[in-house]
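Colleague: A single structure is presented below for examination.
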Amino acid sequence: MRVIGLMSGTSYDAIDAAAADLHLDGDRLTLTPLGSISRGYDEGLRSRLAAALPPAATTLADVCRLDTEIGRAFAAAAVEADRELCDGQAGLVASHGQTVYHWVADGQVHGTLQIGRPAWIAEATGLPVVADFRPRDIAAGGQGAPLVSFVDRMWLRGRPGAPAALNLGGIANITAPDGTAFDTGPANALIDAAVSEATDGRLAYDAEGDIAARGTVHEPLLARLLAEPYYALPAPKTTGKELFHLPYLHAALRGFGTLPLEDVVATLTRLTARTVADAVRSVRATEVIASGGGTRNPALMAALRAELGGAAALRTSDELGLPSAAKEAYAFAVLGFLTLHGLPGTDPASTGARHASVLGSITPGRRGTTWPEPVQESEGPVRLVIDGTGSGGGRR
């Protein structure tokens, strides 16, 4: 089956669309990457989304408008991906949507909200759409994240040593060798916030890590940031921009005077590297396979290598055949495929749920949905193999 996965992460800078051929043969699921595209939100939509996110106040009218506008933007990305990557032969779209709130209280996740109404995607493409993946795991007592951990476990199974998968988006998350998965803390979230504010929005992030490379780590600020209680919580745990946002950074900076932007960004970059490395050591990983936007930041990757020392080798998912820029979009393509086949897409060891769950809701295409032959859970895949015969390179 040819599947398009759609993803916009906590940095909310772009919609990634990845296409793959997926073939299930016994306990083996083969993924052939067909390429990916990335399309930024238009500036007006991105500004309206940013203005509605916590800790800002918003209205139901704003949420409704954003749900529609983001749904249309996802639909446009899906149409383009079907045309450009699938030759119009896609059979399914799996859409993560845009997370706008993750309700965490007292260490428990009570709810989550991803917007981008799938009806717009189904109408524009004519294809069935699997969406709204996270709430089912939360209803079963789980964290609803990181959901890519289920795909990571299948993908890394059988690899030598003790490999861990790491995603560096707005928030960093890790899938440990034993299947435990959790958010380690901010990856790019605080860096992006600092850069955007200091440049009045002219820059949205530290491109190529140039700002951090010019700065010096401010050790007292780093110590204050590392005192955040979240880092000491046991796994499984999740967090987001509900905690790590611009006012949080303002509070951390209080009393230090006016620090150069370069030093602030260097310190925040080291914070990400330190907290990720601490998490890697805590799960006894011998290899870290990284993906996400943070892998394109040389300063962050250099800081992470320095913090890891000789504890674990660091490489990117590109080296294993899965493009790092679109890895999460590919992962949701897999999760949507599993849902359509009636198969669970979670591991209780990863999310802390009471049991594994079939994820999401299905919106039929214009001609309805052709259901594949049901697969018994005991006959479902336990191993994901990346087949490099597809184009896989993608377009930007």
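The values are calculated or read from the model by the stated rules, or taken from the named source; none is laboratory data. Worth saying up front: this structure is predicted, and the values here are computed from it rather than measured. Note that each Cβ is placed from the backbone with ideal geometry, even for glycine, and that neighbours are counted across all protein chains shown. Areas reflect the complete protein model, heavy atoms only, side chains present, ligands, DNA and RNA absent. Shrake-Rupley method; radii C 1.70, N 1.55, O 1.52, S 1.80 Å.
Colleague: Specify which of the listed residues (220, 247) is open to solvent by 60 Å² or more (accessible area, probe 1.4 Å), outside any loop (DSSP other than H, G, I, E, B), within 25 Å of residue 100 (Cβ to Cβ) and touching a residue at least 24 places away in the same chain (Cβ under 8 Å).
Modeller: On inspection, the qualifying residue turns out to be 247.
Colleague: I need the full set of residues from region 223-244 which are basic (Lys, Arg) and either surrounded by fewer than 19 Cβ atoms within 10 Å (Cβ to Cβ) or touching an Asp or Glu at 6+ places or on another chain (Cβ under 8 Å) (or both), in order please.
Modeller: 224, 237
Colleague: Residues being over 30 Å from residue 376 (Cα atoms) and in contact with a Lys or Arg (Cβ under 6 Å, 6 or more places away or on another chain): count how many of those fall in region 21-52.
Modeller: Of the residues in region 21-52, 2 are over 30 Å from residue 376 (Cα atoms) and in contact with a Lys or Arg (Cβ under 6 Å, 6 or more places away or on another chain).
Colleague: Could you list, in sequence order, the residues of region 166-211 that are touching a helix residue (DSSP H, G or I) at 6+ places or on another chain (Cβ under 7 Å), of a type in the set (A, V, I, L, M) and part of a loop (DSSP other than H, G, I, E, B)?
Modeller: 187, 203, 204, listed by residue number.
Colleague: Still on this structure, please answer the following. Search region 49-66 for residues that are without any contact (Cβ under 8 Å) to a residue 24 or more places away in the chain and pair each with any residue that is outside any loop (DSSP other than H, G, I, E, B) when their beta-carbon atoms are under 6 Å apart and the residues are at least 6 apart or on different chains.
Modeller: Every condition considered, the pairs that remain are 58/52; 62/52.
Colleague: Right, residue 314: in contact (Cβ under 8 Å) with a residue 12 or more places away in the chain, outside any helix (DSSP H, G or I) and within 20 Å of residue 34 (Cα to Cα) or not?
Modeller: no
Colleague: Still on this structure, I have one more. Looking only at residues that are modelled with pLDDT of 95 or more, under 18 Å from residue 192 (Cα atoms) and of a type in the set (Gly, Ala, Ser) in region 206-224, which one is farthest from the chain's Cα centre (by Cα)?
Modeller: Taking the candidates together, the pick is 215.
Colleague: Where residues in region 333-347 are of a type in the set (A, V, I, L, M, F, W, C) and under 17 Å from the mean Cα position of the chain (by Cα), which of them is surrounded by the most Cβ atoms within 10 Å (Cβ to Cβ)? Lay out the reasoning, then the answer.
Modeller: First, the residues of region 333-347 that are of a type in the set (A, V, I, L, M, F, W, C): 333-335, 337-338, 340, 343.
Then drop every residue that is not under 17 Å from the mean Cα position of the chain (by Cα), which leaves 333-335.
Details: 333: 33, 334: 24, 335: 27.
So, considering only residues that are of a type in the set (A, V, I, L, M, F, W, C) and under 17 Å from the mean Cα position of the chain (by Cα), the one surrounded by the most Cβ atoms within 10 Å (Cβ to Cβ) is 333.
Here's the yes/no breakdown for (1) over 22 Å from the mean Cα position of the chain (by Cα); (2) at negative phi; (3) of a type in the set (A, V, I, L, M):
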{"residue": "248", "(1), (2), (3)": "no, yes, no"}
{"residue": "254", "(1), (2), (3)": "yes, yes, no"}
{"residue": "257", "(1), (2), (3)": "yes, no, no"}
{"residue": "270", "(1), (2), (3)": "no, yes, no"}
{"residue": "274", "(1), (2), (3)": "no, yes, no"}
{"residue": "304", "(1), (2), (3)": "no, yes, yes"}
{"residue": "318", "(1), (2), (3)": "no, yes, no"}
{"residue": "321", "(1), (2), (3)": "no, no, no"}
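Colleague: Go through region 72-142 and tell me which strands (runs of 3 or more DSSP E), entirely inside it, have 1 or more residues that are under 16 Å from residue 236 (Cβ atoms) and either free of Cβ contacts under 8 Å to residues at least 60 places away in the same chain or touching a strand residue (DSSP E or B) at 6+ places or on another chain (Cβ under 9 Å) (or both). Lay out the reasoning, then the answer.
Modeller: Details: elements: 92-105, 108-115, 129-131.
Those strands (runs of 3 or more DSSP E) span 92-105, 108-115.
Colleague: Somewhere in region 380-388, is a residue more than 29 Å from residue 111 (Cβ to Cβ), open to solvent by less than 40 Å² (accessible area, probe 1.4 Å) and free of Cβ contacts under 8 Å to residues at least 40 places away in the same chain?
Modeller: No, region 380-388 has no match at all.
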